[in-house]
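Remarks on the structure that follows.
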Amino acid sequence: MHEFLISVVAFIVLVGVMVVVHEFGHFAVAKLCGVRVEAFSVGFGPRLFGIKYGETDYKVCLLPLGGYVKMTGENPEQNLEIPGSTPGTPVVQQAFEGTPECFYPSLADDPGAFTNHPRWQRMLIGVAGPVSNFILAFGLMLFYFGVFNEVPKVEVTEPTIEWVAPDSSAAKAGIQPGDIIRQFETIKNPDWDAINRRSSVNQGQIVPITVDRGGKLLQLSVEVTPPAARNQDFDLMDTGYYPELVPGPIGVKEVEPGYPAAQAGLRGGDAIVAVDGHAFHAVQTLLAYMQKGGGKPLTLTVVRDGVTLPPIVAQPTKIDSSWKLGFAPRPTSFRHDPLPLNQALQKSTAFCIDNSTMIFDVLGGIFTHKVAVSQLSGPVGIARMAGDAAETKGWLPKFVLAAGISLNLGILNLMPFPILDGGLIMLLIIESVIRRDININVKERIYQAAFVVLLVFFAFIIVSDVSKLPLFTHLKP
């Protein structure tokens, strides 16, 4: 229940901020262009409170899932004349605050209507929302790199292989522990983030890879292993190589009484230097090694108070369907290393470019059947990620997730699909080419069909999200 509540609150805050910033972009440019904005709402549903200033009702509504901007004449159904009225004659209406305001019985005569403004202005209003998301993403990462920039106190600066799982794609490709990846696909001198991004859009594909082994460059090819099931998230380690992210041994923070680690004599403060002769640095590699071993006994090389102990033999036990020893690892220590403004600008720009490129690669992979649609995340998946980021120590997960979702929201809204901002811009471009407005009834049918398609698509994504929840994955063999 705790994790559920954290995920829900984090999701509401995250998505709420992203959407409000997006809608504020539309709002600001609409105001600059002289379009009448009837409402700027934070949230949906019944109005809780707000203030009417000028022509706009600034309000907070009951459901805090984003927000919206309502402009006069933006919807096809608004383009109707009021029965019995005389076109071109303003009519006085009593607003809910008791302040009289004017509206035009025909939108064709209303200078404040969205549809009566030049197409270039309407395009600017349409593109302003996504641009606001891009600015937000860049600003978030600029703030992170300039103020925090968390880095391990001791870090591995090169993409080094810590361990290779037997019989995996990586093992079959000839990759060995200690190899340093110098080129992955077309990317030279990549980091693990770049390798993960390129792998996720090349699932099931054979990718060229160059490794440095003892100073000698080797040209290899590895098949990127997709998830075992369509409803599982992509994991780089499925290919069989495990990254060395931090140097040094695995630190033991505390040991659970009665579990194999305690029975073997392991204590809090110990350092596991090697497992069956393998120098592991991260607990995730140790966990993967135990799963591959199927519960076979492990010989641990342990250092206690600076002294290497005689080999310790531990017999893993199954806990929640996974082989474990029963100890909590010592967390990685981080330090803040804020960057100068010019470096923070460079890092923020690189982050936005890399993540935007990945979004396009994923979309391209879906259309070329290299990436399954089930790999996309909807509201449930975003809530899970938001909850994980909220509970994870440090600022990096929070800023990266927020900036990444903001980029996603901006790019996806620019897709030329009706009811999205990109669809509006596409229709305006078509009208500019044919030099006349598309028939309002045709537009209405297009929007209705697009709405149905989008509804079905989101339903599929939500079902896929739900099937990835631990409740369902635990039911699978």
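The values are calculated or read from the model by the stated rules, or taken from the named source; none is laboratory data. Computed from a predicted structure; not experimentally measured. Methodologically, a virtual Cβ is constructed for each residue, glycine included, from the backbone with ideal geometry; neighbour enumeration extends over all protein chains shown. To get the accessible areas, we keep the full protein, side chains included, count just its heavy atoms, and leave off ligands, DNA and RNA. Shrake-Rupley method; radii C 1.70, N 1.55, O 1.52, S 1.80 Å.
Helix 341-367 against the longest principal axis of the chain: what's the angle in degrees, Cα atoms only, rounded to the nearest 10? Orientation of helix 341-367: about 80 degrees from the principal axis.
Of all aspartates and glutamates in the structure, the ones whose alpha carbon falls short of 16 Å from that of Lys324, not counting any fewer than 8 places away in one chain, are Glu254, Glu256, Asp276. When only alpha carbons of the chain are considered, Rg and Dmax amount to 27.9, 97 Å.
Restricting the calculation to Cα atoms, region 171-310 yields a radius of gyration followed by a Dmax of 17.6, 50 Å. Note on Val60 and Lys296: their simple-model spin labels are 6.1 nm apart, each label 7 Å out from Cα toward Cβ. Using the Karplus relation 6.51 cos²θ - 1.76 cosθ + 1.60 with θ = phi - 60°, the per-residue 3J(HN,Hα) values for region 332-339 come to 5, 7, 10, 10, 8, 9, x, 8 Hz, with x marking Gly and Pro. Taking the inverse of the mean reciprocal distance over all distinct Cα pairs, the Kirkwood hydrodynamic radius of region 212-252 comes to 13.4 Å.
Under 5 Å from the amide H of Asp110 lies no amide H of any residue 5 or more positions distant or on a separate chain, with H modelled from the backbone and absent for Pro and chain starts. Distance between the 7 Å Cα→Cβ label points at Leu309 and Asp276: 2.1 nm. Summarising the amide proton neighbourhood of Thr225: residues at separation of 5 or more, or on other chains, whose placed amide H is nearer than 5 Å comprise Gly204, Thr239. Legend: residue pairs Lys318/Lys393; Lys153/Lys398; Lys153/Lys253, Cα-Cα distance threshold 24 Å; pairs beyond threshold, Lys318/Lys393.
Compactness of region 139-247 is given as radius of gyration and Dmax, 15.0, 45 Å, from Cα positions. Qualifying trypsin sites (Lys or Arg not before Pro) in region 218-314, where qualification requires a DSSP coil assignment and no more than 12 other C-beta atoms within 10 Å, comprise Arg230. Most tightly packed first, judged by the mean number of other beta-carbon atoms within 10 Å of their residues, the peptides 157-167, 339-349, 379-389 read 379-389, 157-167, 339-349.
Overall form of region 313-420: oblate. Here a/c, set by the Cα gyration tensor axes a ≥ b ≥ c, is 1.5 or more, and a/b is not larger than b/c.
The phi-based Karplus calculation (6.51 cos²θ - 1.76 cosθ + 1.60; θ = phi - 60°) puts the 3J(HN,Hα) values of region 416-432 at x, 10, x, 6, 8, 4, x, x, 4, 5, 4, 5, 5, 5, 4, 5, 5 Hz, whole numbers, x for Gly and Pro. Our summary gives the chain a relative contact order of 16 percent, counting only alpha carbon pairs under 8 angstrom and 6 or more residues apart. Between helix 440-467 and the chain there is an angle of about 20 degrees, using the helix long axis and the longest principal axis of the Cα atoms.
Split the accessible area of the chain by element, probe 1.4 Å, and carbon with sulfur accounts for 63%.
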